[in-house]
Amino acid sequence: MSARLTSKAARCWCVQTSMCRCRIARFAPTITSLLDRGARVVVMTHLGRPAAEPNPVYSTRPVANALSKVLKQDVCFVSDCVGAPAERAVGGLPPGGVAILENLRFHKGESENNRNFAIRLSVLGDLYVNDAFSCSHRAHASTHAIAELMPAYAGPSLLAEITALRAVLEKPRRPVMAVVGGAKVSSKIAVLKSLAGKVDHLVIGGGMANTFLAARGLNVGRSLVEPDALGTALEITEAAQAAGCRILLPEDVVVAETFAAHSPSRIARSTQIPVNAMALDIGPASAARIRDLMQTCATLLWNGPLGAFELAPFGEGTFAVAQAAARMTAQGQLTSIGGGGDTVAALNAAGVADQFTYVSTAGGAFLEWLEGRALPGIEILRTATRKLEEV
């Protein structure tokens, strides 16, 4: 799979991306590269879940304004993504002009991967670029059907994401440590099973650590636990042992009686969690143990916080480990890859998101890649690229 960013002057490129502040900054260079070649660029994206009908709350107009500031040039906002308004606006773009279409999800054809809807999108450009890894796990019209209708390429941001994930999952420098946190085991069963067979050390934190502790027969008080996932936790543990992967659970935790910021808290051994308390963060001994083990590793994959980092003081464990990873990365000891919405927020809160080797802003697509699943938006680009190479 490759991205070719050469273009005839005034050729029109349809670029699919996903939008938040950090994603705008990440894919803006793709637009700039095309504009430098005299292209006209049409940006397609979605926001929220507007139930397949126009809703001003989910309009991409604010995105157009934000993109204009990043690019330092006017960005034309188009009041619809298909039909006469879109065709007129795109037809009037000068070489070097940029337009952003209204929310694709205002039309049901987008999520239905409807070919007719994709055809209506395709008439707005000559060439198609998918620069939205975070949307590539969906077979939608703007990520899948359209790539069968026009010359299709992977954008630099999407390729950078794939390169980073391959570096940590396919041929990583070893030993490899994976840090997986978050609230529920049930949401990451496939991820944990996949990683157990690929990494050397699997650190489990957040609410899901409570389920693993409970599966081992420990009393975790009023901590978040998934009773239905206890058997799954044991299965994952056994699979890791069979693969030679070491699972690390917290040996101490920060406990409180109420789930609120600045609740009175204290450190407790994982084997001695009070019956009226809940574990809300890993303790200092656990954080030190993870840091020490990380010193022996060459690659780190991080998905999910180790505690309720949004509520002080229950982010200290996450922050301590993240800052240690950032220092090791800066010293050239560690290749560090983080991904997922909560992970990005936690690394930003720790002040180290820009100090990791790579941080993915994708959520569902990131998790599905970790599971080893094929992503429809990526697979169609592989097919399209092969077809182009045969021409």
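The values are calculated or read from the model by the stated rules, or taken from the named source; none is laboratory data. These numbers were taken from a predicted model, which means no experiment stands behind them. All Cβ positions, glycine included, derive from the backbone under ideal geometry; neighbour counts span all protein chains shown.
Remarks
- Residue list for the range 223-271, restricted to those being basic (Lys, Arg) and either under 27 Å from the mean Cα position of the chain (by Cα) or under 16 Å from Met208 (Cβ atoms) (or both): Arg246
- Counting the residues of the range 91-114 that are within 30 Å of Ser360 (Cβ to Cβ) and not hydrophobic (A, V, I, L, M, F, W, C) gives 11.
- Residue within the range 310-326 that is touching a His at 6+ places or on another chain (Cβ under 9 Å) and within 26 Å of Glu371 (Cα to Cα) present: no
- Pick from the range 19-49, criterion surrounded by fewer than 24 Cβ atoms within 10 Å (Cβ to Cβ) and either outside any helix (DSSP H, G or I) or not assigned by TED's automatic domain parsing to the domain that holds Cys135 (or both), ranking: modelled with the lowest pLDDT: Met19
- Checking the stated criteria, Thr361 turns out not to satisfy the condition of being crowded, with 19+ Cβ neighbours inside 10 Å, among the hydroxyl-bearing types (Ser, Thr, Tyr), in contact (Cβ under 8 Å) with a residue 60 or more places away in the chain and out of contact with any Cys (no Cβ under 7 Å at 6 or more places or on another chain).
- Residues satisfying the stated conditions in the range 314-333, i.e. outside any helix (DSSP H, G or I) and surrounded by 17 or more Cβ atoms within 10 Å (Cβ to Cβ): Phe314, Gly315
- Criterion: crowded, with 24+ Cβ neighbours inside 10 Å, in the same structural domain as Thr296 (by TED's automatic domain parsing) and within 27 Å of Pro250 (Cβ to Cβ) - qualifying residue of Leu169, Leu218, Leu202, Leu224: Leu202
- When Glu379, Glu368 are checked against the criterion of being within 30 Å of Ala147 (Cα to Cα), part of a helix (DSSP H, G or I) and free of Cβ contacts under 8 Å to residues at least 24 places away in the same chain, Glu379 stands alone in meeting it.
- Number of positions in the range 295-313 that are among the hydrophobic types (A, V, I, L, M, F, W, C), touching a strand residue (DSSP E or B) at 6+ places or on another chain (Cβ under 6 Å) and more than 17 Å from Lys188 (Cα to Cα): 3
- Candidate set: the range 261-283, residues that are surrounded by 13 or more Cβ atoms within 10 Å (Cβ to Cβ) and small (Gly, Ala, Ser); chosen: the one farthest from Met177 (Cα to Cα): Ser263
- Among residues of the range 334-353, those that are in a helix (DSSP H, G or I) and either out of contact with any Leu (no Cβ under 6 Å at 6 or more places or on another chain) or modelled with pLDDT of 95 or more (or both), counted: 10
- The combined condition, being in contact with a Lys or Arg (Cβ under 9 Å, 6 or more places away or on another chain), assigned by TED's automatic domain parsing to the domain that holds Trp302 and closer than 20 Å to Arg289 by Cβ, is fulfilled by Leu249.
Conditions (1) in a strand (DSSP E or B); (2) not small (Gly, Ala, Ser), marked per residue:
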{"residue": "Asn276", "(1), (2)": "no, yes"}
{"residue": "Asp281", "(1), (2)": "yes, yes"}
{"residue": "Thr296", "(1), (2)": "no, yes"}
{"residue": "Gly307", "(1), (2)": "no, no"}
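- Any chance Asp292 is acidic (Asp, Glu), touching a residue at least 12 places away in the same chain (Cβ under 8 Å) and assigned by TED's automatic domain parsing to the domain that holds Ala190: no
Every residue, every condition in (1) touching a Lys or Arg at 6+ places or on another chain (Cβ under 9 Å); (2) farther than 25 Å from Asp200 by Cα, yes or no:
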position	(1), (2)
Leu230	no, no
Glu257	yes, yes
Gly307	no, no
Glu310	no, yes
Gly315	no, yes
Arg327	no, no
Gln331	no, no
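- Any hit, the range 256-266, residues being of a type outside the set (A, V, I, L, M) and in contact with a helix residue (DSSP H, G or I) (Cβ under 9 Å, 6 or more places away or on another chain): no
- Boolean, Thr237 is of a type in the set (Ser, Thr, Tyr), assigned to a helix (DSSP H, G or I), in contact (Cβ under 8 Å) with a residue 40 or more places away in the chain and buried (at least 17 other Cβ atoms within 10 Å of the Cβ): no
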